[in-house]
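Below: one structure, written as structure tokens.
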Amino acid sequence: MPAKPKWAQIADHVREQIASGQLSPGDKLPSTAEMRSEYGVSAGVVRHAILVLQMERLVHGVHGLGVFVADRDEAAGS
């Protein structure tokens, strides 16, 4: 069975951090540059992972400030 794409692995890791409480609502995710370095991937791969997490309403971006863990109410779609 082929390995998961890198973007999916990153998204899974962030999901696990949110589920475990390691990342709480309002916490800022590392920058794209930091994540590129941590995971050894391109900026496009990091952006893809973040986009998937945004579509799942687990995180939200604030222009010029970064990407933050969504409040539980936002994640639930309320």
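The values are calculated or read from the model by the stated rules, or taken from the named source; none is laboratory data. Worth saying up front: this structure is predicted, and the values here are computed from it rather than measured. Counting neighbours? That spans all protein chains shown, and the Cβs are built from the backbone with ideal geometry, glycine included. Each accessible area value is taken on the protein alone, full model and side chains, heavy atoms only, with ligands, DNA and RNA left out. Shrake-Rupley method; radii C 1.70, N 1.55, O 1.52, S 1.80 Å.
A few comments on the model shown:
- Residue within segment 46-65 that is closer than 20 Å to residue 6 by Cα, of a type in the set (S, T, N, Q), out of contact with any Gly (no Cβ under 7 Å at 6 or more places or on another chain) and at pLDDT 95 or above present: no
- Residues located in segment 32-41, provided they are surrounded by fewer than 13 Cβ atoms within 10 Å (Cβ to Cβ) and either among the basic types (Lys, Arg) or under 13 Å from residue 14 (Cα atoms) (or both): 38
- Hey, residue 48 assigned to a helix (DSSP H, G or I) and touching a helix residue (DSSP H, G or I) at 6+ places or on another chain (Cβ under 6 Å) or not: yes
- Single residue of segment 1-13 satisfying the filter (part of a helix (DSSP H, G or I) and open to solvent by 70 Å² or more (accessible area, probe 1.4 Å)) that is farthest from residue 69 (Cα to Cα): 6
- Checking each residue in segment 1-15 for being under 10 Å from the mean Cα position of the chain (by Cα) and not aliphatic (A, V, I, L, M) picks out 7, 12, 13, 15.
- Within segment 14-37, tally of residues that are part of a helix (DSSP H, G or I), farther than 17 Å from residue 4 by Cβ and not polar (S, T, N, Q): 5
- The set of residues from segment 51-73 being part of a helix (DSSP H, G or I) and exposed (fewer than 12 other Cβ atoms within 10 Å of the Cβ) comprises 55, 72, 73.
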